[in-house]
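K.L.:
Have a look at this one before I ask anything.
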Amino acid sequence: MPISKVLVVDDSKTELHYLANLLTQQGYLVRTAENAEETLRLMADDRPDLVLLDVVMPGQNGFQLTRTITRDPRYAGLPVILCTSKNQETDRVWGMRQGALDYFTKPIDPSELLARIQALG
């Protein structure tokens, strides 16, 4: 299924703005959320084709939210890509074990991220 709707989740307004602009310029329909609760509310309202998710957030963190999303039958097959400042190999491994499809460390390489998203569709 081609990727057209992307939900970007980050508690940093700067990161949200950067990623939303990057993806919008490539023709993706982008929605944004700043925490887990908002993410789940938006997803229930309109299922995205992809979730780009930060790890370090107040409340439920990105690892926990990835696990919640990937284990929910309503979102079966929904790809989650973690985009985070956590750059340790153990963080990457843990993120993938929670169900993430990919793991990028900040600052994000735009061409690498876009290539990975295009490869999904």
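K.L.:
Quick check on packing: order 102-111, 58-67 by the mean number of other C-beta atoms within 10 Å, highest mean leading.
P.N.:
Result, highest mean first: 58-67, 102-111.
K.L.:
Show the residues, 5+ positions off or on another chain, whose built amide H is closer than 5 Å to the amide H of T84.
P.N.:
Here the answer is F104, T105, K106, since their amide H atoms fall under 5 Å of that of T84.
K.L.:
Another question, if that's okay. Determine the dipole magnitude for region 23-79: charges of +1 sit on the beta-carbon of Lys and Arg, -1 on that of Asp and Glu, nothing else is charged, the reference point is the Cα centre, and the result goes in debye to the nearest 20.
P.N.:
Roughly 200 debye for region 23-79.
K.L.:
Checking the cross-link filter: which lysines have an alpha carbon closer than 16 Å to that of K13, excluding same-chain neighbours under 8 positions apart?
P.N.:
Counting by Cα, and skipping residues close in sequence, K13 has these lysines nearby: K106.
K.L.:
Related question: Classify region 5-59 as rounded, prolate or oblate, taking a ≥ b ≥ c as the square roots of the eigenvalues of its Cα gyration tensor: rounded when a/c is under 1.5, otherwise prolate if a/b is larger than b/c and oblate if not.
P.N.:
The shape class here is oblate.
K.L.:
Run the dipole for the chain about the Cα centre, Lys and Arg Cβ at +1, Asp and Glu Cβ at -1, nothing else charged, and hand back the magnitude in debye, nearest 20.
P.N.:
Values: 13 positive and 16 negative charges, 58 e Å.
That gives a dipole near 280 debye.
K.L.:
Here is a follow-up. Which of the listed residues, L19, L40, L78, is farthest toward the dipole's positive end in the chain, when Lys, Arg count +1 and Asp, Glu count -1 at the beta-carbon?
P.N.:
Going by the Cα projections, it comes out as L78.
K.L.:
Between the DSSP loop rule and a limit of at most 15 other Cβ atoms within 10 Å, which trypsin sites (Lys or Arg not before Pro) in region 79-119 are left?
P.N.:
Sparse-neighbourhood loop trypsin sites (Lys or Arg not before Pro): none present.
K.L.:
If the chain between Q64 and Q88 were fully stretched, how many nm would it gain, using 0.36 nm times the residue separation less the Cα-Cα distance?
P.N.:
Numbers: separation 24, 0.36 × 24 = 8.64 nm, distance 1.74 nm.
Difference between extended and current length: 6.9 nm.
Laboratory data are not the source of any read-out in this text; all were calculated from the coordinates shown. The structure presented is a predicted model; accordingly, all values stated were derived computationally and were not measured. A quick note on method: Cβ atoms are made from the backbone with ideal geometry, for glycine too, and the neighbour counts reach across all protein chains shown.
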